[in-house]
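The values are calculated or read from the model by the stated rules, or taken from the named source; none is laboratory data. From a predicted model like this one, the values you see are computed outputs, not experimental measurements. Here the Cβ is made from the backbone with ideal geometry for all residues, glycine too, and neighbour counts use every protein chain on show.
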Amino acid sequence: MKLKKLLKDIPILEVRGPKEVEITGVCANSKFLAPGNLFVAKKGRTVEGAQYIPEAIAAGAVAILTDIFDPTLKNVTQIIHPDVSKIEGLIAAQYNQFPSEELLMVAITGTNGKTTTSFLIKHLLGKYYGPCGLIGTIEYIIGEHRYRATHTTPDVSINYKLLREMINEGCSSAIMEVTSHALDQGRVSGIQYDVVIFTNLTPEHLDYHSSMDEYCQVKNKIFRDLNPDKKKKGYQKTAIVNADDPYHKKILQGCRVPVVTYGIDSVADLQATDIRLNAGGTKYLLRYQDEVYPIKLPLIGRFNVYNSLATIACGISQGIPLENISKIIRSFPPVPGRLELVPNKLGLNIYVDFAHTPDALANALKTLRELNSGRIITLFGCGGDRDRLKRPNMAEVCEQFSDICVVTTDNPRSEDPEAIISDITKGFQKASSYVVEIDRRTAMEKTLHLATPEDIILIAGRGHEPYQTFPHHTLEFDDRKVATEICQNISQKGTP
């Protein structure tokens, strides 16, 4: 596409250089730039995008979107606008021919539950409508193609590219997990959503957001942006919220489309009652429009009841009969790293879960307590370069709901692992409640040696993640695989 055509309907302040250049793509990361691309030089929290312009030009960029004209740059067209992030979304949408207008677009936002809910809805829409794409924490699914996710919600230029690829692969719908960072940084700018779901809001990312109120206001943006005038044929604009969450009314402020509520404890449009849990799954009665429907879910936990309610609400909002929804969610496959039972030769009850917030950890442990009267042994850590305020709270939760707590390294990133563990252990009431083993593999070995078949072991914090990130290197480390290997070694040798 010629640059002149690309910029035709975009309010650019100034263009310096030829407009007849051919644009082969839009890219905000100079490392992945291809010849002929338009490079987006936007500001980050710690990095100026402009510093990567020489690298982008060397890689073949023919145009630069930037906020300040640079007279030293030669043989490249400069597109000038003070709000680079906003214009990036408009350009990416135009280049990819506005893909969100051709898809049933579902966004899921909230602190916990986004991933499982996104997989549930993908399963539902995929079975009912046909191929459904997904952009989320674990992976990006484009038709038959799967790519390991780099971010839960990627840059806006990548999002538009992925959505166009979904259409090319025959998808009729797309599910997106949308984080507060993504909303604040404009990563979903201009995407036309049909359904937006709010799961819950608990303390998280308070290193980024100054308060829970600010965190809530950022989440509220996606609901305010739901435009009732931009309807797509056959789809209904709908906001779906968890009525049991104390922030749900604030989340809806300024929302202009119909609202569907769901809950367990509160009166809601969809309400779950008579919840029954066992190791094989969860059953409950769904009250909807003065009728009662039995629901069977192959997932365990009260929190998964919420996830399923959001899914059912999404299906109903788009006209899928409840009888069909009920049948489809019964066949839902497990989500990687979400209370995933690890097969092993020792007959141990080992679960791996992504729980990395106090609320998520409490939910996981409460669920496991309902399954077994034996001991609960929990191994966990906290990620580096992330919300430090929650670290002692993680210890409090672990101590409250576990019999033995093993504190170890998560993904320290640029931080000192020992300093992170020191922050965590300040939250324990008793020194006898926990043990510390800084090396995660060694911690897992000690934990699994300690366990018996009557116990439940929860390995928390990393879930599906295949790598462990340290200050100066990345280590291949999948909790599920490592746990299986350790059990294999113990069964063969009697020692790890």
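Within region 173-185, is there a residue that is within 16 Å of the chain's Cα centre (by Cα), part of a helix (DSSP H, G or I) and surrounded by 24 or more Cβ atoms within 10 Å (Cβ to Cβ)?
Yes: one or more hits.
Among the candidates Glu177, Glu214, single out the residue that is in contact with a Lys or Arg (Cβ under 7 Å, 6 or more places away or on another chain) and not assigned by the TED database to the domain that holds Val84.
Glu177
Within region 467-495, restricting attention to residues that are more than 24 Å from Leu339 (Cα to Cα) and not polar (S, T, N, Q), which residue is modelled with the lowest pLDDT?
Out of the qualifying residues, it is Gly494.
Is it the case that Arg302 is surrounded by fewer than 21 Cβ atoms within 10 Å (Cβ to Cβ), within 18 Å of Thr115 (Cα to Cα) and not assigned by the TED database to the domain that holds Thr367? Even if it seems obvious, please write down each step before you answer.
Numbers: surrounded by fewer than 21 Cβ atoms within 10 Å (Cβ to Cβ): yes; within 18 Å of Thr115 (Cα to Cα): yes; not assigned by the TED database to the domain that holds Thr367: yes.
Here the answer is yes, as Arg302 does meet what is asked.
So, Leu201, is that one hydrophobic (A, V, I, L, M, F, W, C), over 30 Å from Leu38 (Cα atoms) and assigned to a loop (DSSP other than H, G, I, E, B) or not? Walk me through it before giving the result.
On the way: hydrophobic (A, V, I, L, M, F, W, C): yes; over 30 Å from Leu38 (Cα atoms): yes; assigned to a loop (DSSP other than H, G, I, E, B): yes.
When the stated conditions are applied, Leu201 passes them.
Hey, can you tell me all the residues within region 22-58 that are among the polar types (S, T, N, Q) and either farther than 21 Å from Asp184 by Cβ or buried (at least 21 other Cβ atoms within 10 Å of the Cβ) (or both)?
Thr24, Ser30, Asn37, Gln51 - these are the residues of region 22-58 that are among the polar types (S, T, N, Q) and either farther than 21 Å from Asp184 by Cβ or buried (at least 21 other Cβ atoms within 10 Å of the Cβ) (or both).
I'd like the full set of residues that are within 10 Å of the chain's Cα centre (by Cα), closer than 11 Å to Met176 by Cβ and not in a loop (DSSP other than H, G, I, E, B), limited to region 130-145.
Ile135
Sort out which residues of region 358-378 are modelled with pLDDT under 95 and in a loop (DSSP other than H, G, I, E, B), and write them in order of number.
Hits for region 358-378 are Asn372, Ser373, Gly374.
Quick check: anything in region 76-90 in contact with a helix residue (DSSP H, G or I) (Cβ under 6 Å, 6 or more places away or on another chain) and more than 27 Å from Met166 (Cα to Cα)?
yes
Could you count how many residues in region 237-279 are over 25 Å from the mean Cα position of the chain (by Cα), under 15 Å from Arg302 (Cβ atoms), in a loop (DSSP other than H, G, I, E, B) and acidic (Asp, Glu)?
The total comes to 1.
Scan region 13-21 and tell me whether some residue there is buried (at least 16 other Cβ atoms within 10 Å of the Cβ) and closer than 17 Å to Phe69 by Cα.
yes
Inside region 142-164, can you point out the residues that are charged (D, E, K, R), touching a residue at least 24 places away in the same chain (Cβ under 8 Å) and either surrounded by fewer than 24 Cβ atoms within 10 Å (Cβ to Cβ) or not assigned by the TED database to the domain that holds Leu103 (or both)? Before you say what the answer is, go through the steps one by one.
Taking region 142-164 first, the residues charged (D, E, K, R) are 144, 146, 148, 155, 161, 164.
When the remaining residues are screened for being touching a residue at least 24 places away in the same chain (Cβ under 8 Å), the result is 144, 148, 155, 161, 164.
The answer is Glu144, Arg148, Lys161, Arg164.
Have a look at Asp423, Asp410 and point out the one that is of a type in the set (Asp, Glu) and touching a strand residue (DSSP E or B) at 6+ places or on another chain (Cβ under 8 Å). Reasoning before the result, please.
Working: Asp423 fails: touching a strand residue (DSSP E or B) at 6+ places or on another chain (Cβ under 8 Å).
The match here is Asp410.
Taking interchain pairs and intrachain pairs at least six residues apart, which have beta carbon atoms under 6 angstrom, with the first residue in region 233-252 and farther than 9 Å from Ser317 by Cβ and the second part of a loop (DSSP other than H, G, I, E, B) and of a type in the set (Gly, Ala, Ser)?
Ala243/Ser266; Ala243/Ala268; Asp244/Ser266
Going by the structure shown, is Glu139 among the acidic types (Asp, Glu), outside the structural domain of Ser85 (by the TED database) and farther than 23 Å from Cys216 by Cβ?
yes
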